[in-house]
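Take a look at the structure below.
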Amino acid sequence: MKSVLKSLVLAVLLSLLASPAAVAGHYDGFKVSIYVKAYTVEKMKDLQWLDSTWNIISGQINVDKIYIETHRDLLIIPDATLEQVKKYFKGKGLEVGGGITFTINEMNNFETFCYSDPEHRKKVQEIAEHTAKHFDDFILDDFFFTSCKSDIEIKAKGAKSWTQYRLELMTEAAQNLVIKPAKKVNPKVKVIIKYPNWYDHFQALGFNLATGPHLFDGVWTGTETRDPAGNQHLQNYLSYNIIRYFENIRPGHNFGGWVDSGGSNMGMDRYAEQLWLTFFAKAPEIALCAYDELIGVALRPDSHRTPWQGQATSFDYDEMAKPVNLNGQTVIPTTIARVAGYTFENINKFINKLGNPVGIKSYKPVNSNGDDFLQNYFGMIGLPVEMVAEFPVGQQVVLLTEQAKADPNLLSKIKAQLQKGGDVVITTNLLKAIPEKMAEIYELRMAGDVLVNDFGRFGQANRDILFPQLLYYTNDTWEVISAGRPLSGGVSGYPLLLRGLYSKGNLYVLAIPNDFGNLYDLPAGVLNELRRIIGKDVDIRLEAPAKVSLFAYDNDTFIVESFLDEPVTIQVVTGEKVEKLTDLLTGAIVEKLPTPPAPPGFEFFYLMMSGGEKTNKYRITLPPHSYKVFNKR
C-alpha cells in the first residue's frame, strides 16, 4: 500500500512540475546551457531532489537549454529516468539535448574505451543508439579519444605510429560506431563533438581535426583555462583563441564554448573571465559544466572575493552577492550559479554591438604541434592572434610558429607571401625545425642559449631571460630588437627580432624564450615594437605592459582587457583618421592625446621610428582583471 501511495504522489508531483511554465530568460545574441553529468541525472529520478536543486540554479541564473548525459564511466541512465528528466525541464520552458562521456573510469587517468576491442565497440554503439532514441541532438563530452594501449590495440597498431593509428581509428569509430548508428535510430539527430582545450596535443590521442569537424554536425569548444599555472599551462587568452580556431576550421559549425568551475579557487574573477572571453570570441552559446557544480560550489567571500575588489572592476563581487529577482522569486546568491548569471547580464549589455573578430593570422595546420599553445601567450602580450588552419593570403603579416612545419609546401607559401610584398614572422623554433628550407631565403644558424635582461632603447627586464642565440651574416639581415646582459655598455648583443628583405617583403625571425612565460617579463618598449611590426593587419594596437590583451572587430569596435592584479594605464594607438573613442558601456568620450612635435632636425628620424605611419593615441586606465569596450567613433 505504501509503495502504491508513493508512486501516486510521485506521479502527481511530476504532473505538476511538468505543467507549462514561464519561458527561461533569454539573452541577446547568445544562449546559456547547463550540462548534467550522468551521476547527477541518476539522482534526478528523485523529483523532490530535482526540483529543490533546480530552484537553487534558476533563482540565480537564466538558462535556455539543458544537456542530459546518458552515459559516463559505464553508468547508463535508464529510459524511464531520461524521459522523466526531459519532461521536467521541458515543463520549465527549456530546450533539452543529450550528452555522452565515453569513459570507462574517469578516476583511473580518464580511462577511455579501446576502439579496436570488439566488446568495447559494441558498447560504444549501444550507448550512441540509446542516446539518439531520446534526443534530437547530443554532445560527446571531452573524452571521445583513446589512450588505450591494451594488447588488442598494440596488435592492431602494427608498424604505424600511435598518432597515425589513433587518428585513423577514431575517424572510423566516429563514423561507424556513433554517427551512422545514431542517425539510423533517429534520422534527424545532430551528433556534436566537444573538443577540449588541449588542442595542440589532440592528434596523439585520436582527435582528428582534419576529419572530425566535417564528419560531425558541429563542434563545441572547451574554453576552460582554470589556473594558468596548472600542468596544462592554459593561458587566459586560450578561452578566446580556441573558439576562433575551431570556427575557422569549419565556419558556422562551432556551436559554443564550455566552462567548468575550475579556477574559481583563485577568486571568482577568474571564473568570470573564462565566461566573458568565450563570448568575446562570439560563441553563440555557452555550456556551464556542470549542474552539480552550480549547486555545489558555494560562494565563500573569504576566498572568492579577491583583494582588488572595490575598484570598479568588471566583475564586482559585492554587486553579484546582492539579492536578485529572477523568474518571480527573490533570492540571496549562494553558489557559483549567480557568478555566471551576473556575468552574462553584464555581457548582454554590449555583446551584440560587436562585429566579427579580426586579428593577426597565425597558421596552425590541423593535427600539428610545436611551440605548443604559444599563440595564447602572444595574446597575453597584446597581440590579437587569430589562428587559422589554412595558410592565409591577402595579409600584410603572417605569423608562423613551429606548428607550421607540418605543411610540406610551407616554403613556397612563405615565398609567395614575401613576393607579393607581405611580411612573414617566424619563431626560432620553426627555424630550428626546418633550417634547410629557410636557408633558401636567409642562411641563419642557431647556437646555444644566452641570458639577457637589457634591450637598449626598448627598456630593461626585471629578471634574466634565457633566449636561443640566433646567428646571422652581417648586412644580410639586421637586428630590429637587440638584447644583452647588459646591452648598453656591455660587450655582447643578441637579436631578439631579426629582419631580412626578400623580394618585396620582409622575413622576421622572433626569438622565443625557453620559458614562454618569460614573454610577460619583456619591457613594454619591446612589446610595443612587436605589436607595431606584427599587428599591421589590425588597425589598432596597444602600448602597454604584458598581460593586457586586445580584441578587435570588423565594425570599428574593440575591447581591451587587463589580467593584472593592479590598475594599469595604457595607450591605444589608432590611425590618424580616428578622432575619438566612445566607451560603449558608459557613453564616455575619450579624446586623442596631443601629438608632440619632433625636435627640429629629427623629423625624418621620428617618422622612420614609427614605421612611416601617422597615428593618434588615447590614454585609458583599466582596473584589475577588467575590460573596457569601445567604438572608434
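FYI, it's all coordinate maths here, none of it is from the lab. Owing to the predicted nature of the structure, the values given are computational and were not obtained by experimental measurement. Using ideal geometry, Cβ is built from the backbone for each residue, glycine included, and neighbour counts are taken over all protein chains shown.
How far apart, in nm, are two points set 7 Å out from the Cα along the Cα-to-Cβ line at residue 571 and at residue 589?
2.2
Can you tell me the dipole magnitude for the stretch 2-353 around its Cα centre, using point charges on the Cβ only (Lys, Arg +1; Asp, Glu -1), in Debye to the nearest 20?
700
Please arrange 424, 185, 339 by how many other C-beta atoms lie within 10 Å of their C-beta, fewest to most.
185, 424, 339
Tell me whether the chain comes out rounded, prolate or oblate; compute the Cα gyration tensor, take square roots of the eigenvalues as a ≥ b ≥ c, and use a/c under 1.5 as the rounded threshold.
Since a/c reaches 1.5 but b/c is at least a/b, the shape of the chain is classed as oblate.
Work out the charge dipole of the chain with +1 on the Cβ of Lys and Arg and -1 on the Cβ of Asp and Glu about the Cα centre, then indicate which of 497, 441, 100 is farthest towards its positive end.
100
Out of all DSSP beta bridges with both ends in the stretch 2-353, state the antiparallel percent to the nearest 5.
Around 20 percent of the beta bridges assigned by DSSP in the stretch 2-353 are antiparallel ones.
Computed over the Cα atoms of the stretch 357-538, what is the convex hull's projected area averaged over all directions, in nm²?
9.6
Please give the calculated 222 nm ellipticity per residue for the chain, where each DSSP H segment of at least 4 residues contributes -39500 (n - 2.57) and the sum is spread over every residue; nearest 500 deg cm²/dmol?
Value at 222 nm, helices only: -8500 deg cm²/dmol.
Mind listing which GluC sites (Glu not before Pro) in the stretch 426-485 are in a DSSP loop and have 16 or fewer other Cβ atoms within 10 Å?
440, 443
Expressed as an acute angle from 0 to 90° and rounded to the nearest 10, what is the orientation of the C-alpha long axis of helix 118-132 relative to the principal long axis of the chain?
80
Take every DSSP beta bridge with both residues inside the chain and express the antiparallel ones as a percent of the total, to the nearest 5.
55
Can you put 94, 501 in order, fewest other beta carbons within 10 Å first?
Least to most surrounded, the residues fall as 501, 94.
Compute log10 of I(q)/I(0) for the stretch 133-267 with the Debye formula, placing one identical point scatterer on every Cα and leaving out solvent, at q = 0.14 Å⁻¹, to two decimals.
-0.71
Using unit Cβ charges (K, R positive; D, E negative) and no other charged atoms, how large, in debye to the nearest 20, is the dipole of the stretch 371-504 about its Cα centre?
Value, rounded to 20: 280 debye.
Please sort by residue number the trypsin sites (Lys or Arg not before Pro) in the stretch 397-486 whose DSSP state is loop and whose Cβ has at most 15 other Cβ atoms within 10 Å.
Counting only loop positions with at most 15 other Cβ atoms within 10 Å, the trypsin sites (Lys or Arg not before Pro) in the stretch 397-486 are 420.
Using only the Cα atoms of the stretch 2-353, build the gyration tensor, take square roots of its eigenvalues as a ≥ b ≥ c, and label the shape rounded, prolate or oblate: rounded if a/c is under 1.5, else prolate if a/b is larger than b/c, else oblate.
oblate
Counting other Cβ atoms within 10 Å, which chymotrypsin sites (Phe, Trp or Tyr not before Pro) in the stretch 426-481 have at most 12 and lie in a DSSP loop?
473
Using the crude model of +1 on Lys and Arg Cβ and -1 on Asp and Glu Cβ, and no other charge, please compute the dipole size for the chain relative to its Cα centre, in debye to 20.
Magnitude of the dipole: close to 1080 debye.
Below 13 angstrom from the Cβ of residue 590, what's the summed charge of the other residues (Lys, Arg +1; Asp, Glu -1)?
Result for the local shell: +4.
Over all Cα pairs of the stretch 94-177, how is the pair count split among 5 Å bins, expressed in % and running from 0 up to the last occupied bin?
Over the stretch 94-177, the share of Cα pairs per 5 Å bin runs 3, 14, 24, 25, 17, 10, 5, 2, 1, 0, 0 percent.
For the chain, just give the cysteines left without a disulfide-compatible partner, judged by no other Cys Cβ under 4.7 Å.
Cys with no partner Cβ under 4.7 Å: 289.
Net charge near residue 429: determine it from the other residues with C-beta under 11 Å of the C-beta of residue 429, scoring Lys and Arg +1 and Asp and Glu -1.
-1
Could you check what % of the DSSP bridge pairs in the stretch 357-538 are antiparallel, to the nearest 5?
60
If we count other beta carbons within 10 Å of each Cβ, what is the order of 589, 559, fewest first?
Fewest to most other Cβ atoms nearby, the residues stand as 589, 559.
How far is the Cα center of the stretch 209-258 from the Cα center of the stretch 123-150, in Å?
What the calculation gives is 19 Å, centre to centre.
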